[in-house]
Structure formats: C-alpha cells, structure tokens
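J.: The structure's right below; bear with me while I get my questions together.
The values are calculated or read from the model by the stated rules, or taken from the named source; none is laboratory data. Since the structure is predicted, the reported quantities are computational estimates derived from the model, not experimental observations. Don't worry about glycine lacking a Cβ; one is built from the backbone with ideal geometry, like all the others, and counts go over all protein chains shown. To get the accessible areas, we keep the full protein, side chains included, count just its heavy atoms, and leave off ligands, DNA and RNA. Shrake-Rupley method; radii C 1.70, N 1.55, O 1.52, S 1.80 Å.
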Amino acid sequence: MELGYTKYFLKVFLSLLDRKKDRAAIRFLYRHTTFRNIDQGETLFEPNNQAANGKIIYVAEGLVNGYVTDENQEQANIWLGSAGSTYICDDFSYTGHTFNVLAIERSTLFIIDHCEFEEGCAWYPVLDSLFHFYFLYHAITDVNNRNILFRLQNIENRTCLFRRIYPDLYNRIPPDLLISYLDPDSTLRSEQNLQLDSLYGESLLNNQSPQRFTESYLD
C-alpha cells in the first residue's frame, strides 16, 4: 500500500513543486505526511477523539463529510471534501468539541500536522507558498462555499447554489446528508422535490476555477 500512497503523493505535489529544485522540500513533506484509506461509512478517527486538532486534512481521492460533535454529542456537518479539498482543523482541546471525517465513498487522505508543516516552511520557503497558495486557498474556498450556502434563506436557492458549487456531488451523497446542507433545520420529507434544475441560475455565484500558483514562486 505504501507504493499506492506514494503514487497519490507524487501525483499531487510534483505538479506543484519542482522535482529537482525542491527535492529536499518534497522529502520533508513526504516524511511528515500520514496517509490513510477509509472505506465507505468509516470515520477517520475514533469517536470523541481529539486527534484532528491542528491537522491539515487533504482529500487525494474520494468523497468525505467533515463534522463537529459537541459535548452533548450533537453533530453539525460542516465540510464536503472531494478530491483536492482541504480542511485545516482548529484546536478544540479547550472545548468539548471534536472534529471527524466520515467517508461517503472510499477515500485516500493526506494528514499533515500543522506545527510540523510550519517547521518545514522555515527551512523550505517553497512549502510556505504551498501552504498559502494551495492548502489555505482550497480550505478558504470550501469554508466560503459553506458560509454562502447557509446564508441563503430557502431550500430552493440553496439547492440551486449547491448544484452550482458542487456540480458532481449532488447525486453522490446520501439524501439525509444532502438535506443537512440544504435545509439544516428541517428533516427530509418524502414528497419534497429536490430536483430544481429550472432554478439553476448563473447569477447566484460567479464561481471561478482555482488558479495555479506554480509560476508565482518556482520561476
């Protein structure tokens, strides 16, 4: 399985870093990355585990749902992670909250300790650029998508926007999970029609494709 993880790692980072010039940085990143496969329905960590604190979680392949559980075991779904998505977890050590990831599909994840990554950034400035222009960019994009989605005032508009920002996910996630993003305060009713193609409008979000950053610091 190590060979499989290496393949995913190189597929991602050799497109962003220079194989020769950044060889030492690539080796550092590889040594400080934990690789995990999680099957459909499996969680990344044990329940109520604080292991996610301070971690950068990157989805190399698959589809996952990230959620926060509070001290009363109430769960809030906050992150849909598909290939290329990134979540930077806060430190919940001083709260009763925990963050975890559930695999919607079999998924391969990279897990990087944020403090260890910062140490690498001090040694290899190219990793600092990697963090800000790749990991942080994708993490902020995911958070912004969620915040915009939750601020819309009705399920029709949320459905329309969801299909806009997640065009390949609408039919891949279970209905109960879908409704937690489209209408968090309601339960899914059997007669509720979520197929709202007629409302799918360009005006809801002027969404742009992620920009490559390689040339900004590798030239």
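J.: Those residues that are in contact with a Phe, Trp or Tyr (Cβ under 9 Å, 6 or more places away or on another chain) and open to solvent by 70 Å² or more (accessible area, probe 1.4 Å), I need them from segment 120-134; list them, please.
T.: Of everything in segment 120-134, those that are in contact with a Phe, Trp or Tyr (Cβ under 9 Å, 6 or more places away or on another chain) and open to solvent by 70 Å² or more (accessible area, probe 1.4 Å) turn out to be Trp123, Pro125, His132, Phe133.
J.: A further question on this structure: Scan Asp197, Asp176, Asp168, Asp128 and give me the residue that is closer than 27 Å to Thr34 by Cα and either modelled with pLDDT under 90 or of a type outside the set (A, V, I, L, M, F, W, C) (or both). Step through it out loud before you land on a result.
T.: Numbers: Asp197 fails: closer than 27 Å to Thr34 by Cα; Asp176 fails: closer than 27 Å to Thr34 by Cα; Asp168 fails: closer than 27 Å to Thr34 by Cα.
Of Asp197, Asp176, Asp168, Asp128, the one residue that is closer than 27 Å to Thr34 by Cα and either modelled with pLDDT under 90 or of a type outside the set (A, V, I, L, M, F, W, C) (or both) is Asp128.
J.: Against the condition among the charged types (D, E, K, R), in contact with a Gly (Cβ under 9 Å, 6 or more places away or on another chain) and either more than 17 Å from Phe13 (Cα to Cα) or open to solvent by 10 Å² or more (accessible area, probe 1.4 Å) (or both), how does Asp176 come out, does it pass? Break it down stepwise before answering.
T.: Working: among the charged types (D, E, K, R): yes; in contact with a Gly (Cβ under 9 Å, 6 or more places away or on another chain): no; either more than 17 Å from Phe13 (Cα to Cα) or open to solvent by 10 Å² or more (accessible area, probe 1.4 Å) (or both): yes.
So Asp176 does not fit the description; no.
J.: Would segment 72-81 turn up any residue that is within 13 Å of the chain's Cα centre (by Cα), modelled with pLDDT under 95 and open to solvent by 20 Å² or more (accessible area, probe 1.4 Å)?
T.: yes
J.: If you don't mind, there's one more thing I want to ask. Go through segment 160-173 and give me each residue that's within 20 Å of the chain's Cα centre (by Cα), surrounded by 13 or more Cβ atoms within 10 Å (Cβ to Cβ) and either more than 16 Å from Gly81 (Cβ to Cβ) or touching a residue at least 12 places away in the same chain (Cβ under 8 Å) (or both). Give the derivation first.
T.: First, the residues of segment 160-173 that are within 20 Å of the chain's Cα centre (by Cα): 161-173.
Still in the list and also surrounded by 13 or more Cβ atoms within 10 Å (Cβ to Cβ): 161-166, 169-170, 172-173.
Across segment 160-173, the qualifying residues are Leu161, Phe162, Arg163, Arg164, Ile165, Tyr166, Leu169, Arg172, Ile173.
J.: Consider Pro47 against the criteria (1) within 14 Å of the chain's Cα centre (by Cα); (2) open to solvent by 20 Å² or more (accessible area, probe 1.4 Å): it satisfies all of them except one. Which criterion is unmet?
T.: (1)
J.: Still on this structure, I have one more. I'd like the residue in segment 50-71 that is over 16 Å from Ile173 (Cβ atoms) and small (Gly, Ala, Ser) and, out of all such residues, is least open to solvent (accessible area, probe 1.4 Å).
T.: Looking at the filtered set, the residue picked out is Ala52.
J.: Could you say whether any residue in segment 106-129 is closer than 30 Å to Asp176 by Cβ and free of Cβ contacts under 8 Å to residues at least 12 places away in the same chain?
T.: Going residue by residue through segment 106-129, those that are closer than 30 Å to Asp176 by Cβ are 106-111.
Now narrow it down to the ones that are free of Cβ contacts under 8 Å to residues at least 12 places away in the same chain: none.
Within segment 106-129, none of the residues are closer than 30 Å to Asp176 by Cβ and free of Cβ contacts under 8 Å to residues at least 12 places away in the same chain.
J.: Let me ask you something else. I'd like the full set of residues that are out of contact with any helix residue (DSSP H, G or I) (no Cβ under 9 Å at 6 or more places or on another chain) and of a type in the set (A, V, I, L, M, F, W, C), limited to segment 114-163.
T.: Cys115, Leu136, Ala139, Ile140, Val143 - these are the residues of segment 114-163 that are out of contact with any helix residue (DSSP H, G or I) (no Cβ under 9 Å at 6 or more places or on another chain) and of a type in the set (A, V, I, L, M, F, W, C).
J.: Identify the single condition in (1) surrounded by fewer than 19 Cβ atoms within 10 Å (Cβ to Cβ); (2) of a type in the set (S, T, N, Q); (3) in contact (Cβ under 8 Å) with a residue 60 or more places away in the chain; (4) touching a Leu at 6+ places or on another chain (Cβ under 9 Å) that Asn157 does not satisfy, given that it satisfies every other one.
T.: (3)
J.: Regarding Asn65, is this residue closer than 19 Å to Ala103 by Cα and in a loop (DSSP other than H, G, I, E, B)?
T.: no
J.: I would also like to ask the following. Take the residues in segment 3-38 that are among the basic types (Lys, Arg) and within 22 Å of Ala51 (Cβ to Cβ), then tell me which one is least open to solvent (accessible area, probe 1.4 Å).
T.: If we filter segment 3-38 for residues that are among the basic types (Lys, Arg), which is where we start, we get 7, 11, 19-21, 23, 27, 31, 36.
Of the ones still in play, those that are also within 22 Å of Ala51 (Cβ to Cβ) are 31, 36.
Working: Arg31: 155, Arg36: 71 Å².
My answer is Arg36.
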